[in-house]
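Q: A single structure is presented below for examination.
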Amino acid sequence: MPGSSQRKGAIRKKPRGNPTAGSGGRVRRGLEGKGPTPKAVDRVKHPAHKRAKAAERAKDREQRGRRPARKDNESTVEWVYGRNPVVEALRAGVPAAALHVAEGTERDARLREALLVAVETGVSVLEVPRAELDRVTAGGSHQGVALQIPPYEYAHPDDLLQRAYDAQEAPLIVALDGVTDPRNLGAITRSAAAFGAHGVVVPERRTASMSASAWKTSAGAAARIPVARAGNLNRALKSYKDAGLLVIGLDMNGAVELPEFEAATEPIVLVIGSEGKGLARLVRENCDLIVSIPMTSATESLNAGIAAGVTLYEISRRRG
């Protein structure tokens, strides 16, 4: 009948107007599987992926032979002069370009020993006018003998990672922040070599360099372990972090004491601060953990070289 309601079972038509939006297949696609889980090395945020990328960068750098640019003031040679210092440097295996002896110099026992060691180790011996030695030593008390030391060839920070990967070992790298005494640098290099570290990193500025004094203190270890130079230490630490390493700072006010340092077996960058100021603020902020060495209250702090040796020993003991 006209005006009556729609009969039961009749098909209802959609009203005219805007059509209802569908899912466009999104719901169905969301229910589908995403395939097998990618390998760890293929997952961008996984430490294995970061280590692989760091290894690729190091290999590429090695193939291209890239090294940090040497500054103009680094192109000058270093001189060790005086009979006792020269003999000690030759005995320690400090790499030398030539031994310069002033004309007419009296050959006592120390000078004869210097000449003998130089000949045995293949160091050239040159006889020069005394005025020449006065000039190169800036009028220092050379006693008629001076040893010419070539500039140290620093590695790149990534080279230390590659050294660990080549040895199939968990990386252990020592970084120095504000260590200005070359004897401390030499002592830390010696401890790093003794306890299985893969290298030492120093910043370009406000730090000790691998001078003859550092070489002598290292007792030859500087010939067995590379020392790298970073243009910016904080940037180098962040790069190591990206490669999956933990950045561990050493400071007397650390949150964890060395005997409870459980992360010693992980890939590590150990950062040593200066004796007086400790770790710089930005360097401390870049650290994942600060570790301290427990001491009696009567002792305020340890020498940077000794503190590094104690900590590296504990890391080596836990890894061994």
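The values are calculated or read from the model by the stated rules, or taken from the named source; none is laboratory data. A quick note: this is a predicted structure, and the numbers were derived from the prediction, not measured. Virtual Cβ from ideal backbone geometry, glycine too; neighbours counted across all protein chains shown. For accessibility, only protein heavy atoms count, side chains too; no ligands or nucleic acids. Shrake-Rupley method; radii C 1.70, N 1.55, O 1.52, S 1.80 Å.
Q: Which number in (1) in contact with a Gly (Cβ under 7 Å, 6 or more places away or on another chain); (2) within 22 Å of residue 318 (Cβ to Cβ); (3) open to solvent by 20 Å² or more (accessible area, probe 1.4 Å); (4) β-branched (Val, Ile, Thr) marks the one condition that residue 265 misses?
A: (1)
Q: Could you check residue 178 against (1) open to solvent by less than 70 Å² (accessible area, probe 1.4 Å); (2) small (Gly, Ala, Ser); (3) on the phi < 0 side of the Ramachandran plot and say which number it fails?
A: (3)
Q: With the requirement that a residue be more than 13 Å from the chain's Cα centre (by Cα) and in contact (Cβ under 8 Å) with a residue 60 or more places away in the chain, what does segment 154-185 give you?
A: Across segment 154-185, the qualifying residues are 165, 170, 178, 179, 180, 181, 183, 184.
Q: Using beta carbons and a limit of 8 Å, which pairs, at least six apart or on different chains, have the first residue in segment 108-127 and farther than 12 Å from residue 91 by Cβ and the second one hydroxyl-bearing (Ser, Thr, Tyr) and modelled with pLDDT under 95?
A: Listed by first residue and then by second, the contacts come to 111/105.
Q: Can you tell me which residue is surrounded by the most Cβ atoms within 10 Å (Cβ to Cβ) among those in segment 114-169 that are within 26 Å of residue 319 (Cα to Cα) and of a type in the set (S, T, N, Q)?
A: If we take residues in segment 114-169 being within 26 Å of residue 319 (Cα to Cα) and of a type in the set (S, T, N, Q), then 162 is surrounded by the most Cβ atoms within 10 Å (Cβ to Cβ).
Q: Could you tell me which numbered condition residue 235 fails, if it satisfies all but one of (1) in contact (Cβ under 8 Å) with a residue 24 or more places away in the chain; (2) under 22 Å from residue 156 (Cα atoms)?
A: (1)
Q: Select from segment 156-195 the residues that are assigned to a helix (DSSP H, G or I) and touching a His at 6+ places or on another chain (Cβ under 8 Å) and list them in ascending order.
A: 160, 161, 163, 164 - these are the residues of segment 156-195 that are assigned to a helix (DSSP H, G or I) and touching a His at 6+ places or on another chain (Cβ under 8 Å).
Q: For segment 243-260, give me each residue that is in a loop (DSSP other than H, G, I, E, B) and in contact with a strand residue (DSSP E or B) (Cβ under 6 Å, 6 or more places away or on another chain).
A: Passing the criteria: 245, 251, 252, 254, 255.
Q: Further question on the same structure: Please determine, by comparing only the residues of segment 79-125 that are among the hydroxyl-bearing types (Ser, Thr, Tyr) and within 20 Å of residue 223 (Cα to Cα), which one is modelled with the lowest pLDDT. Spell out how you get there, then give the answer.
A: Here is the first cut: in segment 79-125, the residues among the hydroxyl-bearing types (Ser, Thr, Tyr) are 81, 105, 121, 124.
Next cut, within 20 Å of residue 223 (Cα to Cα) only: 121, 124.
Numbers: 121: 91, 124: 94.
Per the stated criteria, the residue is 121.
Q: Test of understanding: among 227, 256, which residue is open to solvent by less than 60 Å² (accessible area, probe 1.4 Å), without any contact (Cβ under 8 Å) to a residue 60 or more places away in the chain and at negative phi? Spell out the reasoning first.
A: Numbers: 227 fails: without any contact (Cβ under 8 Å) to a residue 60 or more places away in the chain.
Within the list 227, 256, the selection yields 256.
Q: If you don't mind, another one. For segment 205-222, does any single residue satisfy the condition of being surrounded by fewer than 20 Cβ atoms within 10 Å (Cβ to Cβ) and not in a loop (DSSP other than H, G, I, E, B)?
A: Within segment 205-222, none of the residues are surrounded by fewer than 20 Cβ atoms within 10 Å (Cβ to Cβ) and not in a loop (DSSP other than H, G, I, E, B).
Q: So which of 217, 180, 207 ends up being within 22 Å of residue 302 (Cβ to Cβ), hydroxyl-bearing (Ser, Thr, Tyr) and modelled with pLDDT of 90 or more?
A: Among 217, 180, 207, only 180 is within 22 Å of residue 302 (Cβ to Cβ), hydroxyl-bearing (Ser, Thr, Tyr) and modelled with pLDDT of 90 or more.
Q: If you don't mind, another one. Find all pairs meeting these conditions: Cβ atoms under 9 angstrom apart; at least six residues apart or on different chains; first residue within segment 82-103 and part of a helix (DSSP H, G or I); second residue open to solvent by 30 Å² or more (accessible area, probe 1.4 Å) and basic (Lys, Arg).
A: That search, which allows pairs on different chains as well, returns 83/110; 84/110; 85/216; 86/110; 87/110; 88/216; 89/216; 91/216.
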